[in-house]
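Everything on this sheet refers to the single structure shown next.
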Amino acid sequence: MSDKKTSNAMWGGRFAAGPDAIMEAINASISFDKRMAAQDIAGSRAHAAMLAQQGIITDKDAETIREGLLTVLSEIESGTFEYSTALEDIHMNVEARLKEIIGEPAGRLHTGRSRNDQVATDFKLWTRDQFDAAISGLTALMGALLEQAEQGADLCMPGFTHLQVAQPVTWGHHMMAYVEMFARDRSRFIDARTRMNESPLGAAALAGTGFPIDRDLTAAALGFDRPSANSLDAVSDRDFALEFLSSASICATHLSRFAEELVIWSSAQFKFVTLSDRFSTGSSIMPQKKNPDAAELIRAKVGRINGSLIGLLTVMKGLPLAYSKDMQEDKEQVFDAADSLMLALAAMTGMVGDMKPNAPQLETAAATGFSTATDLADWLVRELGMPFRDAHHVTGALVAMAETNGVDLPELTLEQMQTACADINENVFDVLTVQKSVASRISYGGTAPENVRAQVKRWKAELA
């Protein structure tokens with residue numbers, strides 16, 4: 001099927017000649033919307049079957065249309081289908097090829113529908129598949145993080161605020177923080193998928209149709225929960241695409257934050273983790289280099305995905321009801337964002353599965369920077385009955401003393417500590433190790449190893 005210079009039949013008798021090359025180029029969407037071919041054919045098959053059941057077309061025509069559509073799908077899947085920009089989009093390309101194959105019955109397929117509800121249905125079906133893919137990808141990533149958390153439930157590492165050592169935490173606790181983040185992402189995709197699962201098919205151009213169609217039938221055939229309740233809204237709604245992009249942007253932000261940590265952690269200055277060669281590259285000039293390129297590229301993907309969200313929000317912000325051609329600009333952003341997100345999820349899952357925490361380096365770093373100072377202040381409150389603000393002041397004085405002497409808090413002598421508070425006794429040293437510090441954080445959501453194991457168990461059960 002080659003491009004045609006004659007007028008496109010779909011224009012009817014309104015135009016004496018077809019669009020010129022510039023109009024054809026700006027008007028055509030086949031270069032990207034052909035990705036929805038399978039969804040377009042599924043929607044057409046459901047529509048034809050419904051038309052036959054309602055007695056709007058004959059069973060014979062419906063069967064001929066069904067067989068013809070399967071032939072078209074086979075050609076598309078085998079790569080032999082010839083797309084035409086003169087036919088604008090995937091919908092007209094499929095319909096034109098169907099007419100070549102089966103003849104006159106092809107003209108009955110479009111009864112009771114419009115390209116407006118057809119494209120909305122196709123795009124919803126395609127986006128729904130991406131919701132499912134994102135949910136699956138996040139489930140796999142959470143599973144990889146849970147394995148890391150379970151294996152490192154007792155492994156101590158520094159917890160940071162302002163990228164300064166704050167308090168000791170466990171490796172497992174840190175991994176579980178990302179489990180919680182990605183769980184929220186997963187719930188957003190699940191929630192949005194539920195909300196978007198209404199069928200536009202049968203809304204026709206904008207006002208519905210006078211044919212006695214059964215929209216519940218086509219909705220069920222295509223896996224929708226129900227038909228959309230308002231025909232104007234059905235053909236002009238792109239909330240589902242915006243919600244996908246919004247959810248993808250938040251998810252990509254979480255991926256980027258983790259990617260940034262992996263870049264820092266794998267550096268020679270930190271040496272917290274070793275990333276596998278599968279997700280690293282070398283330098284063309286420096287043979288010692290092992291670059292965390294996968295993490296860096298994941299970190300960059302958020303820019304593309306955020307850009308897609310802003311792009312579609314901008315397209316939709318000023319459109320009156322119902323359909324406008326502006327809405328042809330809705331798909332490329334979603335296609336690109338979905339590709340970027342799925343690639344980032346797969347790469348991050350692979351990196352998490354392969355990465356090895358450097359236990360000695362993590363344990364050493366956890367004990368630096370006076371990381372148990374809060375434990376000392378808490379001990380003064382708990383054991384000596386000191387008001388917390390006073391305990392904070394005493395602890396600050398001991399930190400300054402340790403810093404002046406070039407030692408950490410556990411290395412101060414009891415006599416030195418008693419110069420700041422005479423009531424301090426030798427029991428204070430029991431809380432100044434990182435292991436005792438993390439073990440004491442048993443409040444719900446705290447870093448204690450027993451908490452980590454309980455959360456791992458809970459999430460494994462939920463994901464299962």
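So the label point goes 7 Å from the Cα of R453 along Cα→C-beta, right? Which residues of segment 152-195 then have their backbone N under 16 Å from it?
152-156, 170-173
Take the alpha carbon atoms of segment 34-191, find their radius of gyration, then divide it by 2.2 N^0.38 Å using N residues; give the quotient.
Normalised by 2.2 N^0.38 Å, the Cα Rg of segment 34-191 equals 1.66.
Using a simple charge model, +1 on the beta-carbon of Lys and Arg, -1 on the beta-carbon of Asp and Glu, nothing else, what dipole does segment 424-464 show about its Cα centre, in debye to the nearest 20?
Computed about the Cα centre, the dipole is about 280 debye.
Taking 0.36 nm per intervening residue step and subtracting the Cα-Cα distance, what contour gain separates L70 from T139 on full extension?
21.5 nm
Note down the relative contact order for the chain as a percent, whole number, built from C-alpha pairs under 8 angstrom at least six residues apart.
It rounds to 17 percent for the chain.
Do the sum for the chain: with -39,500 (n - 2.57) for every DSSP H run of n ≥ 4, divided by all residues, what is the mean residue ellipticity at 222 nm, to the nearest 500 deg cm²/dmol?
-19500 deg cm²/dmol
Tell me, how many Å apart are the Cα centres for segment 437-464 and for segment 100-115?
Measuring centre to centre over Cα atoms gives 59 Å.
On a 18 Å Cα-Cα criterion, which of the cross-link pairs K436/K457; K271/K301; K34/K317; K34/K301; K34/K331 come out too long? Walk me through the numbers before you get to the answer.
On the way: K436/K457 23 Å; K271/K301 25 Å; K34/K317 26 Å; K34/K301 24 Å; K34/K331 11 Å.
As for pairs spanning more than 18 Å Cα to Cα, those are K436/K457; K271/K301; K34/K317; K34/K301.
Report the one residue of A153, I30, L109 whose Cα lies farthest in the direction of the positive end of the charge dipole of the chain (charges on C-beta: Lys and Arg +1, Asp and Glu -1; origin at the Cα centre).
So the residue furthest toward the plus end is L109.
With 27 Å as the cut-off, how large is the P(r) tail for segment 144-269, expressed as percent of Cα-Cα pairs?
Working: 3568 of 7875 pairs.
When every Cα pair of segment 144-269 is considered, 45 percent fall beyond 27 Å.
Whole number please: convex hull volume per residue of the Cα set in segment 414-464, in Å³? Please report the intermediate quantities before stating the final value.
Values: hull volume 3.9 nm³, N = 51.
For segment 414-464, the hull spanned by Cα atoms encloses 76 Å³ per residue.
Accessible area, 1.4 Å probe, largest first: how do H91, H392, H173, H162 sort?
H162, H392, H173, H91
What is the diffusion coefficient of segment 368-463 in µm²/s, taking the Kirkwood radius over Cα pairs and the Stokes-Einstein relation at 20 °C with a viscosity of 1.002 mPa s?
In µm²/s, the coefficient is 147.
Beyond 17 Å, how much of the Cα-Cα pair distribution for segment 47-125 remains, as a whole percent?
48 percent
Would you work out if the chain is rounded, prolate or oblate? Take a ≥ b ≥ c from the square roots of the eigenvalues of the alpha-carbon gyration tensor; rounded if a/c is under 1.5, else prolate when a/b is larger than b/c, oblate otherwise.
In terms of gyration-tensor shape, prolate.
Taking the Cα centre of the chain as origin, work out the dipole magnitude from +1 charges on Lys and Arg Cβ and -1 charges on Asp and Glu Cβ, in debye rounded to 20.
640 debye
If you rank E77, E462 by how much accessible surface each has, with a 1.4 Å probe, what is the order from largest down?
Heavy-atom accessible area, descending, gives E77, E462.
The values are calculated or read from the model by the stated rules, or taken from the named source; none is laboratory data. Quick caveat, the model's predicted, so the values are computed rather than measured. We place every Cβ from the backbone using ideal geometry, glycine too, and count neighbours over all the protein chains shown. Protein only, heavy atoms only, side chains kept; ligands, DNA and RNA dropped before computing areas. Shrake-Rupley method; radii C 1.70, N 1.55, O 1.52, S 1.80 Å.
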